[in-house]
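Below: one structure, written as structure tokens.
The values are calculated or read from the model by the stated rules, or taken from the named source; none is laboratory data. This is a predicted model, so every value here is computed, not measured. Virtual Cβ from ideal backbone geometry, glycine too; neighbours counted across all protein chains shown. Calculation scope for accessible area: heavy atoms of the full protein, side chains included, ligands and nucleic acids excluded. Shrake-Rupley method; radii C 1.70, N 1.55, O 1.52, S 1.80 Å.
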Amino acid sequence: MENNDPKFLLVTANVGSLFEEYGEELRANWISAFHKLISENEPALIALHLQEVGGKSHDVSQDIVKNFFQDLYEPEYFDDYYSVQSFVDEEYVDVKYTAMGCSYFIHKSLKGHLQQWNFHEKRFVVAAEGREINQITSDTLFLQKYKFPLSCYSKNQTRLPRKGFTCSKWRLFNKVFVLLNIHLTHDACNIEITRQSPTKYSGYRRRSLEYMLDRLKTLQSDHQMMFGDFNVRPDTKALLEYLMDSKAVRHTLGAESEDAKPHTVIYRSCNGSTKDLLRIKERLFEFSDYEAFDGSHQTEILKFDKELDWLLNDKFAELPISFRPTYPHKENPKDIGTYSFANVRCPSWCDRILIDQELDNQLSKSTMVYDTFGEDVALGDHKPVFLALHFTSGLQANH
């Protein structure tokens, strides 16, 4: 691991499932898969961004959460990381709580070359040695937390969802970069997103991203890396028209007006078969052919993944996606099968890693890897995503 060519490993994962029904086994699977990823890449800096830490409700024991973070750096090879800093949101108040967490692992090869921003003192300082688990509050020195305001959502929204973002700021050699951990709102009703495109939920997500970008202007930096659970969905209305074209007819059980939700939407085969190709309820997406989201079909499906195009056409970039949808996967470790998608939502590439376009232009694509890990084991309803990259020419110190 050379100082003049440090390898970064960016990882994002929604880990809510790890603290629920099958939590103990899923945590063991997740940590094992994470350790395998580290040993295969040997990065100089690991930036791990987590969402839904502690589960979908925060009644899990905080000892379990802290043990999870401590288990992350248990193997001996983490002895070569002189600084490991973890941050966990424990402000359990609606107006503040985001359920987010971060861990940053700094290898000894970066000692003396990497500094982090102290938000209180407004200056860069040398990363502290040792291993710490810090609570994320308004007083946290090295991490800022933001909750998306009500203005990002519907006018009828009265309670803040626990969605938001965190940011940390670093300097490597002569370059300053910001790391953003983000969690955007999800689509609440499956049926609603089959009626119109774009949906109101995609509007909420865009307003949230615009809010974050506005905050980002106050953090002067050379580069930005944004990774988390964006909760984006393919254009479901158009996608279903493509998947069901000449194959099935849509039937609605119950009212289907703007003011009333149908109980069920069914796509029945046109070839006389009594089998339903797709059944959709508010929280059900039961598809007969999940292979459509795998393998050779994936390129066609990805054409409907357009929600982030406005952002990617402006300031950010993303490597081509070559992995399966990251959500939703079965949570029961004994029930993953060949196709592990759960029947609760349309399979989607929710978990993403974006970097600013200037950085993307400077990096060697041949050395970058953008993928998921833990595909062969149950890791909860989200598959983690990683981006491995080398900081090469154009990012070196001035001599």
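Brief remarks on what is shown
- Taking strands (runs of 3 or more DSSP E) as the structural unit, those lying wholly within region 53-153 and holding at least 1 residues that are under 19 Å from L172 (Cα atoms) and in contact with a strand residue (DSSP E or B) (Cβ under 7 Å, 6 or more places away or on another chain) correspond to 81-89, 101-107, 114-118, 123-126.
- Among all residues of region 31-40, there is none that is of a type in the set (D, E) and touching a helix residue (DSSP H, G or I) at 6+ places or on another chain (Cβ under 7 Å).
- For the residues K122, K111, K169, K145, the requirement of being charged (D, E, K, R), open to solvent by 50 Å² or more (accessible area, probe 1.4 Å), within 29 Å of S208 (Cβ to Cβ) and out of contact with any Pro (no Cβ under 6 Å at 6 or more places or on another chain) singles out K122.
- Condition met for K96 (over 17 Å from C167 (Cβ atoms) and open to solvent by 70 Å² or more (accessible area, probe 1.4 Å)): no
- Any hit, region 26-36, residues being at pLDDT below 95 and out of contact with any strand residue (DSSP E or B) (no Cβ under 6 Å at 6 or more places or on another chain): no
- Residue in region 198-213 that is farthest from S168 (Cα to Cα), counting only those that are at pLDDT below 95 and open to solvent by 30 Å² or more (accessible area, probe 1.4 Å): P198
- Answer residue from region 42-66, given it is farther than 15 Å from I136 by Cβ and at pLDDT 95 or above and is surrounded by the fewest Cβ atoms within 10 Å (Cβ to Cβ) among those: L45
- On inspection, I321 passes the criterion of being assigned to a loop (DSSP other than H, G, I, E, B), in contact (Cβ under 8 Å) with a residue 12 or more places away in the chain and buried (at least 16 other Cβ atoms within 10 Å of the Cβ).
- Matching residues in region 1-46 - criterion: being outside any loop (DSSP other than H, G, I, E, B), among the small types (G, A, S) and farther than 16 Å from D371 by Cβ: G16, S17, G23, A28, S32
- The set of residues from region 174-214 being assigned to a loop (DSSP other than H, G, I, E, B) and under 16 Å from the mean Cα position of the chain (by Cα) comprises L184, T185, H186, D187.
- Residue check for L160: outside any loop (DSSP other than H, G, I, E, B) and on the phi < 0 side of the Ramachandran plot: no
- Some residue of region 361-368 being assigned to a loop (DSSP other than H, G, I, E, B) and open to solvent by 30 Å² or more (accessible area, probe 1.4 Å): yes
- Output for region 254-269, where each listed residue is at pLDDT below 85 and open to solvent by 60 Å² or more (accessible area, probe 1.4 Å): E256, E258, D259, K261, H263
- Evaluation of K247 against (1) open to solvent by 60 Å² or more (accessible area, probe 1.4 Å); (2) touching a Phe, Trp or Tyr at 6+ places or on another chain (Cβ under 9 Å); (3) modelled with pLDDT of 90 or more (one fails), failing number: (3)
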